[in-house]
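Written out below as structure tokens is the structure these notes cover.
The values are calculated or read from the model by the stated rules, or taken from the named source; none is laboratory data. Given the structure is predicted, the values throughout are model-derived calculations rather than measurements. Every residue, glycine as well, gets a Cβ built from its backbone with ideal geometry; the counts of neighbours run over all protein chains shown.
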Amino acid sequence: MRLDEQHAHLAEAMAERGLWPERAPWIRRAVEDLPRHRFAPDRLWSWDGSAGVYVPVDRAADPGRWAAEVYAGPDAPAVTQITGGRASSSLSCPAVVVDMLDSLLLEPGRRVLELGTGTGWNAALLAHRAGPGRVTSVEVDASLAAGAEARLVAAGAQVAVQVGDGTAGWAQDAPYDRVIATYAVEEVPWAWVEQTRPGGRIVTPWGRLGHVALTVADGGRAASGWMQGLGMFMPARGTGQGAPFHRIRDRHPLEVEGPFPRSLDALAGPEGGHLLFALRVLLPEVHITTETGDRGGVTAWLHDGHTSWATLAPRAGTDAGPGAGVVARQGGPRRLADEVLRAWTVWEERGAPGLYDFGLTRTEHEQWMWSGDPDGPHWQPLETAAVH
Ligand SMILES: C[S@@+](CC[C@H](N)C(=O)[O-])C[C@H]1O[C@@H](n2cnc3c(N)ncnc32)[C@H](O)[C@@H]1O
């Protein structure tokens, strides 16, 4: 299939899944005018699961495979840079890009700041809507910024690409009406709030589990708003990601084993995102990955990136299907399965809010999550026996 056919095919796949926002038809038009492949660098990186490494995919050597990486589907990013064995830049998943643009409520003529230029694709989409000379985009990696600038010029998009750490925003072009980040932060930098007009909007991935849209209050003393979607993004450069699960388990033997009194079905599938989100709020250091087996049983791997790990798995001897009894195995100084059970119970006691019930408020010196009511109780991380 030719590249423009693959581009059209992806647009259809998005339409079939209802991923084009009805209230913002400009987004589909912009994507159609600015196909993703025009912003993809000639070398992409593909994950080789059997070797556990990223391998290069060069456009010149294998154009078919390169195109397949660019157009792998609505939920697939195309990795464009590897640093220290990890993905450090990508053309983000089309579905998430579109969802975040929808959350931005962008109108023509607005002044926009983007953090994380990457390939320049999202900056081009922003400029398509906002207009020439309205978008500033900041990228921490100078070589990526240079590549993006060249592609933006080639596409006729007038965007000011700047090299810098997005944490500081870009004061020279402030104030902005809209700020959008394409890497995940834990704490929304105060500079983004300061550089946004009162009433303006900040859209950013939070905690690598979803994105939030904040409105800056009159007087600019706070920004607050609801979680909007489930998009996962890579974290800001320099964010420590800790050791992987297998390394922690290799160093810290199994210490306790026992029953886990919950069904793991609640952690799996699209609905599982709601509980996982609440666990992330209550236990920010605990990474949880899940997998559903052939017979429907769910296994979860937990670790804190440093010294402690746990697994939750269907008990051997049960049929390992949905609802099977669960056994917890734990190693290291923290008891992560016990912590997850405690957080899970807190979530249930507070009415089991879903992802979209949560919101975030940022003031100059504080940030907190809430659910249901911006003026309601704060959701603070639980006290844990963190040992590093
Ligand atoms: C998912 S990629 C961005 C995708 C991009 N918007 C596009 O359309 O191709 C995230 C980007 O954020 C950049 N980044 C990460 N931390 C940053 C920081 N603190 N300041 C500026 N850029 C940052 C990375 O270098 C990477 O290029």
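Could you tell me whether Leu152 is assigned to a helix (DSSP H, G or I), closer than 25 Å to Pro25 by Cβ, assigned by TED's automatic domain parsing to the domain that holds Ser224 and in contact with a Leu (Cβ under 8 Å, 6 or more places away or on another chain)?
No; evaluated as a whole, the condition is false for this residue.
Could you tell me which residue of the stretch 34-72 is surrounded by the most Cβ atoms within 10 Å (Cβ to Cβ), considering only residues that are closer than 23 Å to Ala8 by Cβ and of a type in the set (Phe, Trp, Tyr)?
Phe39
With away from the ligand (no atom under 16 Å from the Cβ), polar (S, T, N, Q), surrounded by fewer than 21 Cβ atoms within 10 Å (Cβ to Cβ) and not in a loop (DSSP other than H, G, I, E, B) as the only criterion, which of Thr290, Thr307, Thr311 stands out? Break it down stepwise before answering.
On the way: Thr307 fails: not in a loop (DSSP other than H, G, I, E, B); Thr311 fails: surrounded by fewer than 21 Cβ atoms within 10 Å (Cβ to Cβ).
Being away from the ligand (no atom under 16 Å from the Cβ), polar (S, T, N, Q), surrounded by fewer than 21 Cβ atoms within 10 Å (Cβ to Cβ) and not in a loop (DSSP other than H, G, I, E, B) holds for just one of Thr290, Thr307, Thr311, which is Thr290.
Of all residues in the stretch 75-103, which are away from the ligand (no atom under 15 Å from the Cβ) and either surrounded by fewer than 18 Cβ atoms within 10 Å (Cβ to Cβ) or more than 17 Å from Pro205 (Cβ to Cβ) (or both)? Write out each step before concluding.
The initial filter retains those residues of the stretch 75-103 that are away from the ligand (no atom under 15 Å from the Cβ), namely 85, 102.
Correct list: Gly85 only.
Among the listed residues Asp218, Asp177, Asp250, identify the single one that is surrounded by 18 or more Cβ atoms within 10 Å (Cβ to Cβ) and either away from the ligand (no atom under 16 Å from the Cβ) or within 30 Å of Ala310 (Cβ to Cβ) (or both).
Asp177
Please determine whether any residue of the stretch 104-113 is at positive phi, away from the ligand (no atom under 11 Å from the Cβ) and surrounded by fewer than 24 Cβ atoms within 10 Å (Cβ to Cβ).
Yes, the stretch 104-113 has at least one match.
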